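The structure under discussion appears below in the form of structure tokens.
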Amino acid sequence: MAKALEGIRVLDMTHVQSGPSATQLLAWLGADVIKVEAPTGDITRKQLRDLPDVDSLYFTMLNCNKRSITLNTKSERGKELLTELIRRSDVMVENFGPGAVDRMGFTWERIREINPKIVYASIKGFGEGPYTNFKAYEVVAQAMGGSMATTGFEDGPPLATGAQIGDSGTGIHAVAGILAALFQRENTGQGQRVNVAMQHAVLNLCRVKLRDQQRLAHGPLAEYPNEDFGNEVPRSGNASGGGQPGWAVRCAPGGPNDYVYVIVQPVGWQPLSELIGRPELADDPEWASPAARLPKLGKMFQLIEEWTSTLPKWNVLEKLNAHNIPCGPILSTKEIIEDASLVANDMVVEVPHPQRGSFTTVGSPLKLSDSPVHITSSPLLGEHNEEVFVGELGLESEELAVLRTGGVI
């Protein structure tokens, strides 16, 4: 079956996480992604290794379904070969430091001159301005995009989220921009520049907190459990931050992830009051309406937790779902990797690997009925040098050997 992006060639000049997460999604959608690595390889091949002399899980889980070639783009012959690769590609993606590709001699003007139809996407830490040259990392983007200031408990420090919203979150934004540019190319015949900044992507994911920043001008935020409000949105623990109050309540036997997140909708209060053994609260004027409950959310969730703490989270889940009360157990990473439903949905996938035997990775969250995803292993370093340079660019095998000994590949 044909894939959605079949026939699209992506020149992947990315490393670490934000860029590779984007190009991996494009590969899963069917694009031919050629990962261009320095002869020493993407730095993550060797980072956080669990097995000696084998590509790390850091690398394998971000580079599935790609081909790998090596190229020293600082050499003259390397620049010539990169020029030819640009000429033959539909998309080019990079996440080097600001100006790095320009210094190689490949400015946007030069790239567009080589291939007017190419979509050239860059992922950077920040947009133009005072932060442009700051070094960007996952948690730096969270810090400067609004996430950390609003994550954590009121009396505690700002916290990073375990979700990689700075890196992989930016990668997803980059994919959206690339696909839009490819679609526009169908009408114009021209490629274009796509720029995505990590700070901007995190900010986009934190838009509800900017909503609440503006609401503060009109008084305290009633759905937050905080007692005191200043002139900025506070950290509010596990509060839902939405129209319906929610909280993570402890379950038996009290382990670090023995919690269920419960949302209390107006329609759910009566059955919930029955479940917790306080049926009289359903009609009590002090508790019966959302307006009455809002000032005492802490007490409300305390009453719920007195019930949930006597039961395992899966029992709590069953009882709440029987009454259509929105809820979800806090799943640990161990529970997730062993979850049969995630395996059945191809979201936890076992992938064969030529060196490590196999590894478990996250599957594609994009499910297209006519473009199914089959996840294949990440490539070994330079695995496709001959296939690309000789088979597709037309180099002689003898030159390939010279390039290898000369440090060009």
Collect the residues in the range 54-88 that are over 12 Å from LEU393 (Cβ atoms) and either modelled with pLDDT under 95 or hydroxyl-bearing (Ser, Thr, Tyr) (or both), keeping them in residue-number order.
SER56, TYR58, THR60, SER68, THR70, THR73, LYS74, SER75
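Pick out the one residue from ASP12, ASP50 that is among the acidic types (Asp, Glu) and in contact with a Pro (Cβ under 8 Å, 6 or more places away or on another chain).
Details: ASP50 fails: in contact with a Pro (Cβ under 8 Å, 6 or more places away or on another chain).
Just one listed residue meets the conditions, ASP12.
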Is one or more of the residues making up the range 401-409 under 25 Å from SER21 (Cα atoms) and open to solvent by 60 Å² or more (accessible area, probe 1.4 Å)?
no
Residues that are closer than 16 Å to GLU305 by Cβ and not aliphatic (A, V, I, L, M), drawn from the range 257-267:
ASN257, ASP258, TYR259, TYR261
Segments classed as helices (runs of 4 or more DSSP H), wholly inside the range 153-227, with at least 2 members that are in contact with a strand residue (DSSP E or B) (Cβ under 7 Å, 6 or more places away or on another chain) and in contact (Cβ under 8 Å) with a residue 60 or more places away in the chain
168-188
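Is it fair to say PRO98 is assigned to a loop (DSSP other than H, G, I, E, B), open to solvent by 10 Å² or more (accessible area, probe 1.4 Å) and at pLDDT 95 or above?
On the way: assigned to a loop (DSSP other than H, G, I, E, B): yes; open to solvent by 10 Å² or more (accessible area, probe 1.4 Å): yes; at pLDDT 95 or above: no.
So PRO98 fails the test.
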Can you pull out every residue in the range 342-381 that is in contact with a Phe, Trp or Tyr (Cβ under 7 Å, 6 or more places away or on another chain) and hydroxyl-bearing (Ser, Thr, Tyr)?
SER364, SER378
Looking at (1) under 33 Å from the mean Cα position of the chain (by Cα); (2) in a helix (DSSP H, G or I); (3) in contact (Cβ under 8 Å) with a residue 24 or more places away in the chain, which is the only condition TYR261 fails?
(2)
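Out of the helices (runs of 4 or more DSSP H) lying entirely within the range 265-314, which hold 3 or more residues that are under 24 Å from GLY328 (Cβ atoms), at pLDDT 95 or above and open to solvent by 30 Å² or more (accessible area, probe 1.4 Å)?
On the way: elements: 269-275, 290-293, 297-308.
Qualifying helices (runs of 4 or more DSSP H): 269-275, 297-308.
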With respect to ILE118, determine if the residue is among the aliphatic types (A, V, I, L, M), out of contact with any Lys or Arg (no Cβ under 6 Å at 6 or more places or on another chain) and surrounded by fewer than 18 Cβ atoms within 10 Å (Cβ to Cβ).
no
Check the range 140-151 and report whether any residue there is of a type in the set (A, V, I, L, M) and either farther than 16 Å from LEU203 by Cβ or touching a strand residue (DSSP E or B) at 6+ places or on another chain (Cβ under 7 Å) (or both).
no
With the condition kept exactly as written, say whether any residue in the range 316-332 is open to solvent by 40 Å² or more (accessible area, probe 1.4 Å) and touching a Cys at 6+ places or on another chain (Cβ under 8 Å).
yes
Where THR151 falls short, out of the listed (1) more than 30 Å from ARG211 (Cβ to Cβ); (2) touching a Leu at 6+ places or on another chain (Cβ under 7 Å)
(1)
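Going by what's in this entry, would ASP50 be described as part of a helix (DSSP H, G or I), of a type outside the set (Lys, Arg) and open to solvent by 40 Å² or more (accessible area, probe 1.4 Å)? Talk me through it step by step, then tell me what you get.
Working: part of a helix (DSSP H, G or I): no; of a type outside the set (Lys, Arg): yes; open to solvent by 40 Å² or more (accessible area, probe 1.4 Å): yes.
Answer is no for this residue.
Under the condition of being hydroxyl-bearing (Ser, Thr, Tyr) and part of a helix (DSSP H, G or I), which residue from the range 8-47 is surrounded by the fewest Cβ atoms within 10 Å (Cβ to Cβ)?
First, the residues of the range 8-47 that are hydroxyl-bearing (Ser, Thr, Tyr): 14, 18, 21, 23, 40, 44.
Keeping just the survivors that are part of a helix (DSSP H, G or I) gives 18, 21, 23, 44.
Values: SER18: 31, SER21: 24, THR23: 30, THR44: 21.
Looking at residues that are hydroxyl-bearing (Ser, Thr, Tyr) and part of a helix (DSSP H, G or I), I get THR44.
Only one residue in ALA239, ALA248 is of a type in the set (A, V, I, L, M) and in contact with a Pro (Cβ under 7 Å, 6 or more places away or on another chain), so which one is that?
Details: ALA248 fails: in contact with a Pro (Cβ under 7 Å, 6 or more places away or on another chain).
Answer to the check: ALA239.
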I need every pair where a residue in the range 329-348 that is farther than 17 Å from PHE359 by Cα has its Cβ under 8 Å from the Cβ of a residue that is among the charged types (D, E, K, R) and open to solvent by less than 60 Å² (accessible area, probe 1.4 Å), sequence separation at least 6 or different chains.
PRO329/LYS313; ILE330/ASP258; ILE330/LYS313; LEU331/ASP339
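Looking for something under 30 Å from GLU80 (Cα atoms) and within 24 Å of the chain's Cα centre (by Cα) - is there at least one such residue anywhere in the range 369-378?
The first filter runs over the range 369-378 and keeps only residues under 30 Å from GLU80 (Cα atoms), leaving 377-378.
Checking the rest, the ones that are also within 24 Å of the chain's Cα centre (by Cα) come to 377-378.
Yes: the range 369-378 contains one or more residues that are under 30 Å from GLU80 (Cα atoms) and within 24 Å of the chain's Cα centre (by Cα).
Based on this model, can you work out whether GLY391 counts as surrounded by 14 or more Cβ atoms within 10 Å (Cβ to Cβ) and modelled with pLDDT of 95 or more? Break it down into steps so the answer makes sense when it comes.
Numbers: surrounded by 14 or more Cβ atoms within 10 Å (Cβ to Cβ): no; modelled with pLDDT of 95 or more: yes.
So GLY391 fails the test.
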Just checking, does the range 67-83 include any residue being of a type in the set (S, T, N, Q), open to solvent by 40 Å² or more (accessible area, probe 1.4 Å) and closer than 22 Å to ILE409 by Cβ?
yes
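Would you point out which residue out of GLY162, GLY152, GLY171, GLY189 is at pLDDT 95 or above and surrounded by 18 or more Cβ atoms within 10 Å (Cβ to Cβ)? Don't jump to the end; show me each part of the working.
On the way: GLY162 fails: surrounded by 18 or more Cβ atoms within 10 Å (Cβ to Cβ); GLY152 fails: surrounded by 18 or more Cβ atoms within 10 Å (Cβ to Cβ); GLY189 fails: surrounded by 18 or more Cβ atoms within 10 Å (Cβ to Cβ).
Only one candidate passes the filter, namely GLY171.
The values are calculated or read from the model by the stated rules, or taken from the named source; none is laboratory data. The model shown is predicted, which means the values in this text are computed figures rather than measured ones. Every residue, glycine as well, gets a Cβ built from its backbone with ideal geometry; the counts of neighbours run over all protein chains shown. Keep in mind that these areas ignore ligands, DNA and RNA; they rest on the heavy atoms of the full protein, side chains included. Shrake-Rupley method; radii C 1.70, N 1.55, O 1.52, S 1.80 Å.
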